[in-house]
Amino acid sequence: MKVLLVGGGGREHAIATAIVKSKRVDRLYCAPGNAGIAQIAECAPIGVMEFDRLIAFAKQKQVDLTVCSQDDPLCAGIVDAFEAAGLKIFGTRKNAAIIEGSKAFSKALMKKYHIPTAAYEVFTDAEEAKAWLKANNRFPIVLKADGLALGKGVLICNTLEEAQEGVRTIMLDRKFGTAGNELVIEEFMTGREVSALAFVDGTHYQLMTSSQDHKRIGDGDTGLNTGGMGTFSPSPFFTDEIRRICDEKIFRPTVDAMKSEGREFRGVLYFGLMLTEDGPKVVEYNTRFGDPETQVILPRMKTDIIDVFEACMNGTLDRIRIEFADNAAVCVVLASGGYPVSYEKGKVIHGLEHFRDRDDIFCFHAGTKFDDRGRIVTSGGRVLGVTALGSDLKDARNRAYEAVKYIDFEKMYLRHDIGHAIDEA
Ligand code: AMP
Ligand code: GLY
C-alpha cells in the first residue's frame, strides 16, 4: 500500500513510525512532515489546509489511504473533501469533528445525553457574560473560547476581575480569533486528569491504553498551559473500576449520542477526563490522537495500525482485537527556551544519531527542519519528544531521562518531573 499522512508534528512522527512498521505498507508520504519524519517517509511541502493540492498529490502518487489526525483540517472537512474526490481517508468527517471544533456543541451534547461534565453556561454577549459572573460569584471559574485555539483558549480565573478580563480577552480583543464568537463559562473541577483515546467506527469503539499529559510549562504543574510537556502510559489511576464507569457513563453514551444526532463518529475520539470526587467527568473531547499522548501510546501498540484504520472506516471494529504491550512508556518533551510565550528558532540539534535503529527509545520530532546546510535545526516551541519504553512506569521514566541526555541544542528546556504522579499511585 501507499499511504499519505497529513501533518508534521510529534504526533505525526509517532503515527508515521507505526505506519512504516505495518507489513502492508511499502511507501509512506507525508505532507508537510518534518526533519524526523523525512527519515522514514517522503515529505511533500504541502500545507494541511491545502485540500486541493493534497488531493491532487494523493491522486498523482496513487495513494491507497490517507491519514489525518489534526484538528484544523478535520474540523474544516478534509475527510469530506477526500471522500468527495473518491479517495480513502482515515479521520473524522466535519459533522462529527465538531465535537472538538465547538465547545458549545460538545457541552450541549453532554447535557442532552446526561454525560457527566462540568456545569456550564454559553454566552454570545460579553456584557451578559460579565453580569452572570458577578451574580454567580463563585471562583475559580473556567472560561473557554468556543472554537479551536491551539489548546490555548481556556482560562482559569481566580477572581471576578480576572474573569472579567478573560471575557474581554476572548470576546472583545479576540485573542483566539473567531473561536471567541461564543464563550463557554464552566464550573471549575478538581481531580486527576487522564486521557482515554478510542478508535471508533461509527458504532463500535475500542479503547487504547490510557495515558496522562502534563500541560503546564513548569515543574510541579505550574505556569502557563502548553500543548503538553510530557506524557506517560498507562495511567495507574485509570483503574478497571474507573474504566467500567467510563464505559457505561461516558464512552458508550458519547458514541451513541453522535450516532443519534446523525453525526456518526469515525476516527480517533479523545476523552479528556477529570477523575473528580463525584466520579469521572469529561473535560474535553478531541477528534484525533493527542499530542504528546500518541508518543507513548503507539509505541506500545502491537496490532497493525493499518488494520485498525481500515476497521474504523469499514465499521468492523468489533471484529478486530487491538493489543497493547504489557509495558510502560514515558515521553519527555524538549522545548525551545521561552515556549509557550516567545522563543528562538534555527538552533542546531545534536545527538539524534543515538536513537537510530533503536526500538526501546524514540526521538519524535515536533518542531524541526533542515537548514540550508542540511543540518537539523529547531523550528517550533515543542521541538522533540523523547520516549522510552520500560518494564514499568518507573523504569520507563528512568530510561526516558537517560535518553534525554543524548540531545542538546541551545536554550533547550524540559520539565524534570514528568511522571511524578507515578510515585503517588
Ligand atoms: P481543555 O482545552 O478544555 O482541555 O482545557 C485545558 C486544560 O484546562 C485542561 O487540561 C484542564 O487542566 C483545564 N480545565 C479545563 N476545563 C476545566 C474545568 N472545568 N475545571 C478545571 N480545569 C479545567
Ligand atoms: N495533549 C493534549 C491534546 O492533544 O489535546
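The values are calculated or read from the model by the stated rules, or taken from the named source; none is laboratory data. These numbers were taken from a predicted model, which means no experiment stands behind them. Neighbour counts are summed over all protein chains in view; Cβ atoms, including those assigned to glycine, are modelled from backbone coordinates with ideal geometry. Note: areas computed on protein heavy atoms with side chains; ligands, DNA, RNA excluded. Shrake-Rupley method; radii C 1.70, N 1.55, O 1.52, S 1.80 Å.
In this structure, is VAL167 open to solvent by less than 60 Å² (accessible area, probe 1.4 Å) and within 16 Å of ligand 2 (Cβ to nearest atom)?
no
State yes or no: is ALA76 away from ligand 1 (no atom under 16 Å from the Cβ), in contact with a helix residue (DSSP H, G or I) (Cβ under 9 Å, 6 or more places away or on another chain) and either over 20 Å from ARG288 (Cα atoms) or free of Cβ contacts under 8 Å to residues at least 24 places away in the same chain (or both)?
Considered against the rule, which asks whether it is away from ligand 1 (no atom under 16 Å from the Cβ), in contact with a helix residue (DSSP H, G or I) (Cβ under 9 Å, 6 or more places away or on another chain) and either over 20 Å from ARG288 (Cα atoms) or free of Cβ contacts under 8 Å to residues at least 24 places away in the same chain (or both), ALA76 comes out as no.
Just to be sure I understand the filter: pairs with C-beta atoms under 7 Å, separated by 6 or more residues or on different chains, first member in segment 367-388 and more than 24 Å from LEU298 (Cα to Cα), second member hydrophobic (A, V, I, L, M, F, W, C) and open to solvent by 50 Å² or more (accessible area, probe 1.4 Å). Which pairs pass?
Close Cβ pairs satisfying both conditions: ILE376/PHE370.
Take the residues in segment 189-222 that are in a loop (DSSP other than H, G, I, E, B) and open to solvent by less than 30 Å² (accessible area, probe 1.4 Å); name whichever of them is farthest from ligand 2 (Cβ to nearest atom).
GLY202
Here's the yes/no breakdown for (1) more than 16 Å from ligand 1 (Cβ to nearest atom); (2) charged (D, E, K, R); (3) in contact with a Phe, Trp or Tyr (Cβ under 7 Å, 6 or more places away or on another chain); (4) touching a residue at least 60 places away in the same chain (Cβ under 8 Å):
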| site | (1), (2), (3), (4) |
| --- | --- |
| MET49 | yes, no, no, no |
| LEU54 | yes, no, no, no |
| ASP80 | yes, yes, no, no |
| ALA85 | yes, no, no, no |
| LYS94 | yes, yes, no, no |
| THR124 | yes, no, no, no |
| LYS144 | no, yes, no, no |
| ALA149 | no, no, yes, no |
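Limited to segment 254-269, what total is found for residues that are crowded, with 19+ Cβ neighbours inside 10 Å and outside any loop (DSSP other than H, G, I, E, B)?
Final tally of qualifying residues: 7.
Name the residues in segment 145-164 that are modelled with pLDDT of 95 or more and either surrounded by fewer than 22 Cβ atoms within 10 Å (Cβ to Cβ) or within 23 Å of the chain's Cα centre (by Cα) (or both), would you?
CYS157, ASN158, THR159, LEU160, GLU161, GLU162, GLN164
Hey, does segment 207-228 have a residue that's of a type in the set (D, E, K, R), within 11 Å of ligand 1 (Cβ to nearest atom) and closer than 30 Å to ASP307 by Cα?
Checking segment 207-228: at least one residue is of a type in the set (D, E, K, R), within 11 Å of ligand 1 (Cβ to nearest atom) and closer than 30 Å to ASP307 by Cα.
Would you point out the residue of segment 282-317, among those that are under 21 Å from PHE362 (Cα atoms) and part of a loop (DSSP other than H, G, I, E, B), that is farthest from ligand 1 (Cβ to nearest atom)?
ASP304
Just give me the residues in segment 170-184 being in contact with a Leu (Cβ under 7 Å, 6 or more places away or on another chain) and not small (Gly, Ala, Ser), in sequence order.
ILE170, MET171, LEU183
Modelled with pLDDT of 95 or more, surrounded by fewer than 16 Cβ atoms within 10 Å (Cβ to Cβ), touching a helix residue (DSSP H, G or I) at 6+ places or on another chain (Cβ under 7 Å) and not in a helix (DSSP H, G or I) - does that describe any residue in segment 102-113?
yes
Tell me, please, whether a residue that is crowded, with 19+ Cβ neighbours inside 10 Å, more than 11 Å from ligand 2 (Cβ to nearest atom) and closer than 30 Å to LEU414 by Cβ can be found in segment 223-233.
Within segment 223-233, one or more residues are crowded, with 19+ Cβ neighbours inside 10 Å, more than 11 Å from ligand 2 (Cβ to nearest atom) and closer than 30 Å to LEU414 by Cβ.
For segment 64-89, how many residues meet the condition of being assigned to a loop (DSSP other than H, G, I, E, B) and either under 21 Å from GLU100 (Cβ atoms) or open to solvent by less than 20 Å² (accessible area, probe 1.4 Å) (or both)?
4
Going through segment 118-144 one residue at a time, which ones are outside any loop (DSSP other than H, G, I, E, B) and open to solvent by 30 Å² or more (accessible area, probe 1.4 Å)?
TYR120, GLU121, VAL122, GLU127, GLU128, LYS130, ALA131, TRP132, LYS134, ALA135, ASN136
Given the conditions (1) more than 30 Å from ALA76 (Cα to Cα); (2) open to solvent by 40 Å² or more (accessible area, probe 1.4 Å), and given that ALA325 satisfies all but one, which numbered condition is not satisfied?
Condition (2) is where ALA325 drops out.
Scan (1) open to solvent by 30 Å² or more (accessible area, probe 1.4 Å); (2) within 16 Å of ligand 2 (Cβ to nearest atom); (3) of a type in the set (A, V, I, L, M, F, W, C) for the single condition PHE289 breaks and write down its number.
Among (1) open to solvent by 30 Å² or more (accessible area, probe 1.4 Å); (2) within 16 Å of ligand 2 (Cβ to nearest atom); (3) of a type in the set (A, V, I, L, M, F, W, C), PHE289 violates only (1).
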